[in-house]
Amino acid sequence: IPIPVPSSAPRGAASFQAQATAGVRLWLLHQAQSVRLPSSVTRWPLAPGPELLLAMDCPSKDVGDEKVRDASAGSRDSRWVLGFLLDPRITVGFPKPRRDWEFPAEPGPLRVPQASWTWGPEGHGAVLLVNCDRDDAGAEGLDNEDSAVRSYNDLQDMAQLLLRTRGPRAIFAGHRLLLHLDFGDADKIRVFYGGDGAELEKFKHVLGGSKLAYTVRPSRHRHESVFYVEGLAFPDAAFAGLVSLHVTLLESPEKSLLESPIFTDSVVFRVAPWIMTPNTAAPLEVFVCSVDDNEEFVAAVGALAERAQCPLTVCPVPQNRQDRWIQDEVEFGYIQAPHKTFPVVFDSPRDRGLKDFPVRSILGPDFGYVARQAPEGASSLDSFGNLEVSPPVTVRGKEYPLGRILIGTSFPRLGGRRMAKAVRDFLVAQKVQAPVELFSDWLHVGHVDEFLSFVPTPDRKGFRLLLASPSACYQLLREKQEEGFGEAALFQGTGGQVPKPTINEILANEELRRFNDYAQSCISWNRDILKRSLGLAEPDILDIPQLFQGDAASGAKAFFPDMV
């Protein structure tokens, strides 16, 4: 504690001598030098503005049990008392995190919580989960949609906040301890407190919503009060993801006067971002839709899942209402904090036959849910076939350990379709997978997964980017024509509605060739963006032979089969 000496000295004083009781450490800051007191110098001049620095090694045992005194010279008052010291040691913080845990973003272990939050290996701050799962099977909505603690599993999704009060309990007779949050954070978090007991029914909602402050009554028997904090909102355009909680000691004067703050401590949480997983990661569960005409496909996917020893969930017709495109409806990711990790399904604004499936069949205990809508009306680019993520990459020395999100848009053509602003804002606000916009509006459907994908490899790179390539397809067909296979028909074994042109017919179709030159130019544009944005070289990309058909007005469709 710094104390300016001249402001406390009696009028006319020219010098002073400082003393303190045994529990106080005392320094003098004089002419940019600090001197531990007592020292060989007995008196110090009051000019040019010396300061005393005070510290205590342990909390006070009683009110006013430590003091600092000064003796002055050159004034009528020979001695004065600078002050009585009280150290109640009131702090707010968190349980110590695991040392081996790293925040899954810009990597670095979680450090001791402070009143700020920083990324990186030397960063610090606490992480808070959005409590977006549904631990109680009987509940109607998400766990964070009500102001009650319904189970101990619900508590485990929350972060602990520790309020420590050490020192003489007599101080609270004339002071009040207030836990409070900023008005702008009131709709971002909710705080629960159960008092000294651990019984579930004792937990009450004390902060959040209309409750901005809570008076804490420290226990006579315990020096710590444990609060539980749940996140209510993910980072977004109007929310950077940081929330603060404060504890303030208020002095209670006479009834006619207002309370005055004498001490404040603060902590900062960062709400854990939604993190999307790449398709190069090992599968944990497979979802597939069963519709009227895809029995063989469902059986093939089931056999593959069994070989991979991966659980299979089949969404039946009553739930999908003949909508087979589950990849377009949802995207899977997760959230993570030192105390908990669980998957979270991201529901698209598409809302077709599968719109109720994520809430009815995926949301549950330790499986969260988040959604964004498109007030302006959803387009095809809002389906999540237009949302992919790369494996981990390094771009010009900057690491993206969780990869970068890829979305399709309308540039460089003006006036085209774009992904809904609400979805784009949400993805950008998560920060840890900085999105890259690709040109996909040249496609009829407009999804990036129509021309790109990633596959794992056992080498140091760990993956390859697959890109659709009309040029590679024409080269392959010319090679087969030269080998004498020009009359071979494509797509043998497919249904009767699928045309089966020969290689010679395809190569002779100049209109198809011109359209695929256009398609190749669009893919080459994206190829350059992907190389710059993901730090890729040509050996990291594999060209997959594929043709497109269509026209400039309706956009390109894959010439069966396609990358999907």
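The values are calculated or read from the model by the stated rules, or taken from the named source; none is laboratory data. Note that the structure is a prediction, hence the values are computed from the model and not measured. Neighbour counts are summed over all protein chains in view; Cβ atoms, including those assigned to glycine, are modelled from backbone coordinates with ideal geometry. Side chains are part of the model used for accessible areas, which takes the heavy atoms of the whole protein and leaves out ligands, DNA and RNA. Shrake-Rupley method; radii C 1.70, N 1.55, O 1.52, S 1.80 Å.
Observations
- Segment 270-361, accessible surface, carbon-and-sulfur percent (1.4 angstrom probe): 54 percent
- Residues listed by number, segment 379-420, amide nitrogen under 13 Å from TRP119 label point at 7 Å toward C-beta: 395, 398-405
- Placing R0 at 41 angstrom, the Cβ-Cβ distance between ALA553 and PHE183 gives a FRET efficiency of 0.20 after rounding to 0.05.
- Full extension of the chain segment joining ARG164 with SER147 gains 3.6 nm, where the gain is 0.36 nm per residue of separation less the Cα-Cα distance.
- Residues of segment 397-428 with an amide N closer than 20 Å to a point placed 7 Å from the Cα of LYS461 along the Cα-to-Cβ direction: 397-406.
- The phi torsions of segment 497-503, fed into the Karplus equation with coefficients 6.51, -1.76 and 1.60 and a -60° offset, translate into couplings of 7, 8, x, 10, x, 7, 4 Hz, rounded to whole numbers, with Gly and Pro shown as x.
- Residues of segment 342-474: accessible area per residue with a 1.4 Å probe, Å²: 37 Å²
- Flagged links, alpha-carbon separation over 28 Å, of LYS204/LYS421; LYS421/LYS531; LYS355/LYS461; LYS204/LYS340; LYS355/LYS421; LYS431/LYS461: LYS204/LYS421; LYS355/LYS461
- Neighbourhood charge, 13 Å Cβ-Cβ cut-off, centred on ALA137 and excluding it, Lys, Arg +1 and Asp, Glu -1: -4
- Highest mean packing comes first when the peptides 376-389, 321-334 are listed by Cβ atoms within 10 Å, giving 376-389, 321-334.
- At R0 = 45 Å, FRET efficiency that the Cβ-Cβ distance of LYS202 and GLN492 yields, to 0.05: 0.05
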